[in-house]
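Undergrad: Below you will find the structure I want to go over with you.
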Amino acid sequence: WHPTNPDLLYYLPTNGVGMRLHEENVTTGTTRVVADFSARLRARWPTANAAWTRSEGSPSADGRYWCFMVDDANWGTLGVFTWDRDTDTILGWYDTQGDRPDHVSMSPSGSHCVVSGDGPRGTVAFSRDFTSQRQLLHKSEHSDLARDANGDDVYVAVDYRSSTGEVFMLNLRTGVRTALFSTYVSGTATALHISGKAYARPGWVLVSTYADY
C-alpha cells in the first residue's frame, strides 16, 4: 500500500514477469505503470525477464526506495538493483553470480537493500548503492526488517543454529546484535514468522508461531 494514500496500491505482475511496477487506485479502479524497468535491466543483463522481491520484500517505509531481484526466463538469478520511485532512477546494481536470493527487501529508512539467501553469501545488508555490505546471518531464516526503539533499521530473525535458537535483532548501522529470547526451552523448539511493519511503533515486531515440538 501507498504509505499515506489509502486509495493507492502498488503491485507487480505475477512473479515480476515483464519487469514493471504498477499502481492501482482501489476506489476508481484505474491503474498506471509507475516504472518500466525492462530496457534498463536488459541493457545490463540481456536475458532479464522478471524483477520482483520474491513476494517477501517491501519498499522503504515512505515508499520511495525499492530493492528488486532479477531473474531470467528459467528463473536463473542475474542480479539485484535499487530504485528511487521519486526520480525513477536506478541507484545501484549487484551481480549475484549464480547465488540466487531467497528474497530481497529495502530497510525501513531506505538506507539498505537486504539480500536474503541460503547460498555462500547468506543474508547481507548492502548500502543503497552496493558500495558497502554487512553479513547479517549465515543463511535465510524467518525474519523481517523493522525499526528499533531509537528509530534505527534492524534485522530481526531467528537463528536456529545458535545454542538457544535465539530470536535476535541486528542493527544495520552499527552491526550490533542483541539476543531477544530463546526458542529452545526445556528441550522444545518453535517455528515462527516475524513482521516488522509496525513502523509507527518503533521497537515492536509481531511474532506468530505455526509449529512446535
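The values are calculated or read from the model by the stated rules, or taken from the named source; none is laboratory data. Just so you know, these numbers come straight off a predicted model, no measurement behind them. For neighbour counting, all protein chains shown are included, and Cβ atoms are generated from backbone atoms with ideal geometry for every residue, glycine included. In case anyone asks, the SASA skips ligands and DNA or RNA and just uses the protein heavy atoms, side chains included. Shrake-Rupley method; radii C 1.70, N 1.55, O 1.52, S 1.80 Å.
Undergrad: Which condition number does Asp62 fail, the rest of (1) in a loop (DSSP other than H, G, I, E, B); (2) without any contact (Cβ under 8 Å) to a residue 24 or more places away in the chain being met?
TA: Here Asp62 clears every test but (2).
Undergrad: For the range 6-45, give me the residue count where each residue is under 23 Å from Thr77 (Cβ atoms), outside any strand (DSSP E or B), open to solvent by 60 Å² or more (accessible area, probe 1.4 Å) and of a type outside the set (S, T, N, Q).
TA: Number of matching residues: 5.
Undergrad: In the range 164-179, which residue that is surrounded by fewer than 14 Cβ atoms within 10 Å (Cβ to Cβ) and not hydroxyl-bearing (Ser, Thr, Tyr) is farthest from Ser132 (Cα to Cα)?
TA: So the residue we want is Ala179.
Undergrad: Still on this structure, please answer the following. Would you check if Arg100 is over 21 Å from His22 (Cβ atoms), open to solvent by 60 Å² or more (accessible area, probe 1.4 Å), touching a strand residue (DSSP E or B) at 6+ places or on another chain (Cβ under 8 Å) and of a type in the set (Lys, Arg)?
TA: Here the answer is yes, as Arg100 does meet what is asked.
Undergrad: Can you pull out the residues in the range 121-146 that are out of contact with any Ser or Thr (no Cβ under 6 Å at 6 or more places or on another chain), of a type outside the set (Phe, Trp, Tyr) and assigned to a loop (DSSP other than H, G, I, E, B)?
TA: Matches in the range 121-146: Arg121, Gly122, Asp129, Thr131, Ser132, His138, Lys139, Glu141, His142.
Undergrad: Select from the range 180-213 the residues that are aliphatic (A, V, I, L, M), assigned to a loop (DSSP other than H, G, I, E, B) and either touching a strand residue (DSSP E or B) at 6+ places or on another chain (Cβ under 8 Å) or surrounded by 13 or more Cβ atoms within 10 Å (Cβ to Cβ) (or both) and list them in ascending order.
TA: Ala189, Ala198, Val205
Undergrad: For the range 31-45, state whether one or more residues are closer than 26 Å to Ser109 by Cβ and touching a Cys at 6+ places or on another chain (Cβ under 6 Å).
TA: The answer is no, given that none of the residues of the range 31-45 is closer than 26 Å to Ser109 by Cβ and touching a Cys at 6+ places or on another chain (Cβ under 6 Å).
Undergrad: Here is a follow-up. Report, ordered by the first and then the second residue, all pairs with beta carbons closer than 9 Å, sequence separation of six or more or different chains, a first member in the range 168-181 that is hydroxyl-bearing (Ser, Thr, Tyr), and a second member that is part of a strand (DSSP E or B) and open to solvent by 30 Å² or more (accessible area, probe 1.4 Å).
TA: That search, which allows pairs on different chains as well, returns Thr178/Met169.
Undergrad: Then there's this: Does any residue of the range 117-125 turn out to be without any contact (Cβ under 8 Å) to a residue 40 or more places away in the chain and in contact with a Pro (Cβ under 7 Å, 6 or more places away or on another chain)?
TA: Scanning the range 117-125 turns up at least one residue that is without any contact (Cβ under 8 Å) to a residue 40 or more places away in the chain and in contact with a Pro (Cβ under 7 Å, 6 or more places away or on another chain).
Undergrad: Next question, about the same structure. Within the range 189-208, track down each residue that is modelled with pLDDT under 95 and of a type in the set (S, T, N, Q).
TA: Selection gives Thr190 alone.
Undergrad: Follow-up question, since we're still on this one. Restricting the first residue to the range 67-89 and requiring it to be over 17 Å from Gly117 (Cβ atoms), which pairs with a second residue that is open to solvent by less than 30 Å² (accessible area, probe 1.4 Å) and not in a strand (DSSP E or B) meet a Cβ separation below 6 Å and a spacing of at least six or different chains?
TA: From residues that are over 17 Å from Gly117 (Cβ atoms), there are no pairs.
Undergrad: Does the range 14-25 contain any residue that is touching an Asp or Glu at 6+ places or on another chain (Cβ under 6 Å) and over 23 Å from Tyr94 (Cα atoms)?
TA: Checked the range 14-25: at least one residue is touching an Asp or Glu at 6+ places or on another chain (Cβ under 6 Å) and over 23 Å from Tyr94 (Cα atoms).
Undergrad: Now for a different question. If a residue has to be surrounded by fewer than 19 Cβ atoms within 10 Å (Cβ to Cβ), over 25 Å from Tyr155 (Cβ atoms) and not acidic (Asp, Glu) to count, how many in the range 46-95 make the cut?
TA: 8
The rows are residues; the columns are (1) open to solvent by less than 20 Å² (accessible area, probe 1.4 Å); (2) among the hydroxyl-bearing types (Ser, Thr, Tyr); (3) at negative phi.
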residue	(1), (2), (3)
Gly119	no, no, yes
Gly122	yes, no, no
Gln133	no, no, yes
Ser140	yes, yes, yes
Gly151	no, no, no
Tyr155	yes, yes, yes
